[in-house]
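The values are calculated or read from the model by the stated rules, or taken from the named source; none is laboratory data. Please read all numbers here as calculations on a predicted model, not as lab measurements. Cβ placement follows ideal geometry from the backbone for every residue including glycine, while neighbour counts extend to all protein chains displayed. Surface areas here come from the heavy atoms of the whole protein model, side chains and all, with no ligands, DNA or RNA. Shrake-Rupley method; radii C 1.70, N 1.55, O 1.52, S 1.80 Å.
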Amino acid sequence: HGASVLRFATPALLASRHTMVRAIELDGFALTFASSVLREDAVFCAAAVRTNGLALEKASDSVRGDYDVVDAAVANEPKALRFAAPAIRLDRKFLLNAIARDARVLKFVAAKFRDDREFLLEAMRLNGAALAFAPEDFQSDHELVLEAVRSSDAAIKSVPQHMRADSAFMLQVTARSAVAFRWASAGLRGDRDFVLHAMAVDGRVVEFASDAMRADRAVGAEAARCSGGAALRLLPIELRADVDVVKAALERDALALEYASDDLRADADIVLFALRHNGLALRFAAQRLRTDCSFILQAMAQLGITVEELDDFRRTVLDSDRQAMSPVCEFAPLIEGVDLAKLVDEMERARSLLSLGLR
């Protein structure tokens, strides 16, 4: 029956702190039946509202003016703000702090704040999800929306459809959050020119483009060029197997080799292209190339690592010493099973060929 059984309790029980604390632990509404003395007790009431924020309604006037008690109540249930003392309901700083913690609080603030554009702007900066609880007219306010999106990607979901179909506005949104692009209208997400413009800001928006756009070679190449591996990993396998698309990604970020197709990670030309930009890309080459001395030497040359340094690394016992040898410490594990003597032999062979003009 919950707290309602307390209506049959004796006055002595309702005035008993021990009894009522136990009752409140089970149901915050037990505060309704507590004695007037207990309902004047801020510590006692704080315990009640932590269990059920709406119990604040039954606290005394003085307790409903206690910031700590009201804060605890609103943290449990935003609607409890309705029962706070007028001074707290009109306290701008308190309200903004509460909104920062829980966007739903905005729904229950006084009209003077809900109609105050500056207050709403500050609320959006603190918690963009509050846009969903702003007055409808303000949900079409460009500046307000952009501030909301800056702090919460999901804020764009609360924006009217006509704004999500506005290309100029959505480009501004995308500049603040690539993820917000997913909430652009279907028409924009399938518009080649718009998608290309958006990717110039952040190539990762390709993840949320239409299926037709994600399969478009030019779109894929632009995404890879703008964001490297972060975009390449989002493309369909057909584009991750496209030499030009993959090279565009590698020029931006050689470690994007990780997301190339298996065939391209086993392609000597592609792997060498990546290694010329970053020797650590060897990590993502096919096993056959990862253990090939000529590829290892290419990676070492790009990183400025010598065989002697690798040999020292293998002899080092202390982790602290190994960390001090970076980038050797990053590269050495990639060739852990390779015989360093073979690397030396390959270097000598290369020098011989060069001296004969054969390489």
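Before moving on, here are some points about what is shown:
- Breaking point among (1) closer than 30 Å to R233 by Cβ; (2) at pLDDT 90 or above, for E143: (1)
- Single residue of A266, A215 found to be modelled with pLDDT under 95, within 30 Å of L289 (Cα to Cα) and not charged (D, E, K, R): A215
- Selected residue (criterion: most open to solvent (accessible area, probe 1.4 Å)) from residues of the range 60-82 that are farther than 20 Å from V109 by Cβ and outside any helix (DSSP H, G or I): D61
- Lone qualifier among L56, L96 - being within 31 Å of the chain's Cα centre (by Cα), in contact (Cβ under 8 Å) with a residue 24 or more places away in the chain and open to solvent by less than 30 Å² (accessible area, probe 1.4 Å): L96
- Residue in the range 283-292 that is out of contact with any Phe, Trp or Tyr (no Cβ under 6 Å at 6 or more places or on another chain), among the aliphatic types (A, V, I, L, M), part of a helix (DSSP H, G or I) and buried (at least 17 other Cβ atoms within 10 Å of the Cβ) present: no
- Taken over the range 297-318, the criterion of being open to solvent by less than 20 Å² (accessible area, probe 1.4 Å) and touching a Gly at 6+ places or on another chain (Cβ under 9 Å) is satisfied by A299, M300, I305.
- Residue among L120, L106, L146 that alone is open to solvent by less than 50 Å² (accessible area, probe 1.4 Å) and either closer than 30 Å to D191 by Cβ or of a type in the set (V, I, T) (or both): L146
- Within this structure, R217 passes the test of being open to solvent by 50 Å² or more (accessible area, probe 1.4 Å), more than 19 Å from the chain's Cα centre (by Cα) and over 24 Å from S152 (Cα atoms).
- The single residue among D202, D253, D244 that is open to solvent by less than 40 Å² (accessible area, probe 1.4 Å) and touching a helix residue (DSSP H, G or I) at 6+ places or on another chain (Cβ under 7 Å) turns out to be D202.
- Unmet requirement for A332, which otherwise passes all of (1) at pLDDT below 80; (2) open to solvent by less than 70 Å² (accessible area, probe 1.4 Å): (1)
- Filter result (open to solvent by 40 Å² or more (accessible area, probe 1.4 Å) and assigned to a helix (DSSP H, G or I)) within the range 256-267: E258, Y259, D262, D263, R265
- Subset of the range 94-124 [of a type outside the set (A, V, I, L, M, F, W, C) and under 16 Å from Q139 (Cβ atoms)]: R104, K107, R114, D115, D116, R117
- Flag for S210 being closer than 30 Å to G128 by Cα, among the hydroxyl-bearing types (S, T, Y) and either touching a Phe, Trp or Tyr at 6+ places or on another chain (Cβ under 6 Å) or at pLDDT 90 or above (or both): yes
- Matching residues, the range 228-243, being charged (D, E, K, R) and without any contact (Cβ under 8 Å) to a residue 24 or more places away in the chain: E238
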